[in-house]
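Enquirer: My structure is below; once you've seen it, I'll send some questions.
The values are calculated or read from the model by the stated rules, or taken from the named source; none is laboratory data. The structure displayed is predicted, hence computed values, not measured ones. Note that we place each Cβ from the backbone using ideal geometry, even for glycine, and neighbour counts take in every protein chain shown.
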Amino acid sequence: MNKIDDKLNEFIAQLDYSVVSDMFAKISSGKKLRSKLIYKIAGDDEKSVRLCAVVELIHLASLLHDDVIDDASLRRGKASINALFGNKNAIMLGDTLYSKGFFELSKFDEKIASLISDAVCKLSLGELMDVELSKAFNSDENAYFRMIYYKTAVLIEAASGAAALLVGADENSHKEYGKNLGIAFQIIDDILDITSDEATLGKPAMSDFKEGKSTLPYILLFKAQNESQKERLKALFAKDLSVDELSWLKEQFNKYKIIEKSVQIAKDYADKALSAVSNAELKEVVNAMINRKF
Ligand code: FPP
Ligand code: MG
């Protein structure tokens with residue numbers, strides 16, 4: 001991962017503008033899931049490291065914009081760029097990272113460039129879907145799965161496929177792996193929002209529903225509840241919850257075994273990812289992701 005950080009820093013240095021370098025230095029580094037996959041598929045090679053850095057630039061840009069859209073003040077346990085430098089700077093830094101990523105992407109083979117750029121277009125549609133779905137309580141499971149596929153899994157799918165293309169491995173099975181891993185990853189993220197705490201997550205817990213996000217556990221809960229419980233759940237949507245309301249919600253999740261059911265669905269996607277590839281290291285990534293705590 002150090003080589004990828006070095007490449008990212010090299011890309012940023014090429015922009016030759018201290019305002020960008022100073023803000024970039026304040027971005028806290030994340031799990032680099034996409035890079036880990038590329039690296040495990042395409043190996044330790046100059047092109048592979050460069051592809052990792054391109055995908056990380058695009059991913060970082062999307063998070064900078066997402067934090068503005070979500071009005072988030074914490075990212076990975078540290079102040080977000082919008083909190084530190086304001087929304088305008090966060091957007092412009094996102095634009096800069098995104099454009100540099102695309103400039104570097106254009107130096108790859110056309111197949112790789114088109115795979116990644118198509119994914120980024122879908123990523124943007126996914127964010128739009130997420131915002132659209134947040135306008136009212138959503139109980140449509142299919143709309144949720146489509147949104148998380150676009151918002152989260154497409155870039156993981158494309159990163160895995162592009163890495164396979166780099167080394168002449170099978171594109172489709174690696175895409176299938178990345179897609180299912182990505183969907184499982186987002187479901188786990190949505191579960192952790194409910195089951196974890198701020199210190200572990202590096203961002204406030206129980207914030208999705210308050211932010212208007214009816215994630216899988218809320219959809220499953222709604223489907224399991226009786227009419228009066230459904231009404232009460234809908235009334236809590238997009239609100240700051242009192243201690244009593246929070247404990248009612250937790251009690252409902254327990255009563256209907258919603259977390260267990262959600263974990264099972266994430267595991268089903270993880271199993272699909274596992275059966276798409278034979279590479280033991282890639283299988284390890286799936287298991288670590290399912291068992292992660294943040
Ligand atoms: C985080 O989701 C957000 C994403 C995975 C995608 C964001 C995509 C965009 C803003 C559009 C693309 C923009 C560019 C510049 C390429 P979340 O809010 O559910 O997760 P979080 O809790 O980590 O914020
Ligand atoms: Mg967000």
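Residue-by-condition table, conditions (1) free of Cβ contacts under 8 Å to residues at least 24 places away in the same chain; (2) crowded, with 16+ Cβ neighbours inside 10 Å:
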site: Asp190; (1), (2): no, yes
site: Leu221; (1), (2): no, yes
site: Leu241; (1), (2): no, no
site: Leu246; (1), (2): no, no
site: Lys261; (1), (2): no, yes
site: Gln264; (1), (2): yes, no
site: Ala280; (1), (2): yes, no
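Enquirer: Give all pairs with beta carbons closer than 6 Å in which a residue from region 133-154 that is within 15 Å of ligand 1 (Cβ to nearest atom) meets a residue that is polar (S, T, N, Q) and in a loop (DSSP other than H, G, I, E, B); count only pairs at least 6 apart in sequence or on separate chains.
Expert: Asn138/Ser214
Enquirer: Restricting to region 140-188, count the residues that are surrounded by fewer than 18 Cβ atoms within 10 Å (Cβ to Cβ) and part of a helix (DSSP H, G or I).
Expert: Here the count works out to 7.
Enquirer: When you check Ala136 against the structure, is it at pLDDT 95 or above, in a helix (DSSP H, G or I) and out of contact with any Asp or Glu (no Cβ under 7 Å at 6 or more places or on another chain), yes or no?
Expert: Criteria not met by Ala136.
Enquirer: So Phe209 fits all but one of (1) out of contact with any Phe, Trp or Tyr (no Cβ under 9 Å at 6 or more places or on another chain); (2) surrounded by 15 or more Cβ atoms within 10 Å (Cβ to Cβ); (3) of a type outside the set (Ser, Thr, Tyr); what number is the exception?
Expert: Going through (1) out of contact with any Phe, Trp or Tyr (no Cβ under 9 Å at 6 or more places or on another chain); (2) surrounded by 15 or more Cβ atoms within 10 Å (Cβ to Cβ); (3) of a type outside the set (Ser, Thr, Tyr) one by one, Phe209 breaks only (1).
Enquirer: Here's something else I'd like to know. Would you please name the residue that is surrounded by the fewest Cβ atoms within 10 Å (Cβ to Cβ), looking only at residues in region 1-42 that are modelled with pLDDT of 95 or more and of a type in the set (Lys, Arg)?
Expert: Filtering region 1-42 for residues that are modelled with pLDDT of 95 or more and of a type in the set (Lys, Arg), the one surrounded by the fewest Cβ atoms within 10 Å (Cβ to Cβ) comes out as Lys26.
Enquirer: Just checking, how many residues over region 91-109 are within 16 Å of ligand 2 (Cβ to nearest atom) and either of a type in the set (Asp, Glu) or surrounded by fewer than 21 Cβ atoms within 10 Å (Cβ to Cβ) (or both)?
Expert: Here the count works out to 1.
Enquirer: Can you pull out every residue in region 63-73 that is more than 10 Å from ligand 2 (Cβ to nearest atom) and surrounded by fewer than 24 Cβ atoms within 10 Å (Cβ to Cβ)?
Expert: Of everything in region 63-73, just one residue is more than 10 Å from ligand 2 (Cβ to nearest atom) and surrounded by fewer than 24 Cβ atoms within 10 Å (Cβ to Cβ), namely Ser73.
Enquirer: While we're here: Which of the residues belonging to region 1-44 are farther than 18 Å from Val286 by Cα and of a type in the set (Lys, Arg)?
Expert: Once the filter is applied, which keeps residues that are farther than 18 Å from Val286 by Cα and of a type in the set (Lys, Arg), region 1-44 yields Lys3, Lys7, Lys26.
Enquirer: Hey, among the residues in region 35-62 that are touching a Gly at 6+ places or on another chain (Cβ under 7 Å) and more than 15 Å from ligand 2 (Cβ to nearest atom), which one's farthest from Lys3 (Cα to Cα)?
Expert: Across region 35-62, the extreme among qualifying residues is Ile58.
Enquirer: Mind telling me which of the residues Ser278, Ser247 ends up being outside any helix (DSSP H, G or I), more than 23 Å from Asp70 (Cβ to Cβ) and more than 19 Å from the chain's Cα centre (by Cα)?
Expert: Ser278
Enquirer: Of the conditions (1) modelled with pLDDT under 95; (2) within 24 Å of Asn287 (Cβ to Cβ), Leu155 clears all except one; give me its number.
Expert: (1)
Enquirer: OK, next. Any idea which residue in region 46-101 is farthest from ligand 1 (Cβ to nearest atom), counting only those that are without any contact (Cβ under 8 Å) to a residue 12 or more places away in the chain and not hydrophobic (A, V, I, L, M, F, W, C)?
Expert: Within region 46-101, the match that is farthest from ligand 1 (Cβ to nearest atom) is Glu46.
Enquirer: Can you say whether Lys26 is at negative phi and away from ligand 1 (no atom under 16 Å from the Cβ), as far as the supplied structure shows?
Expert: yes
Enquirer: How many residues, within region 178-203, are of a type outside the set (Val, Ile, Thr) and more than 16 Å from the chain's Cα centre (by Cα)?
Expert: 4
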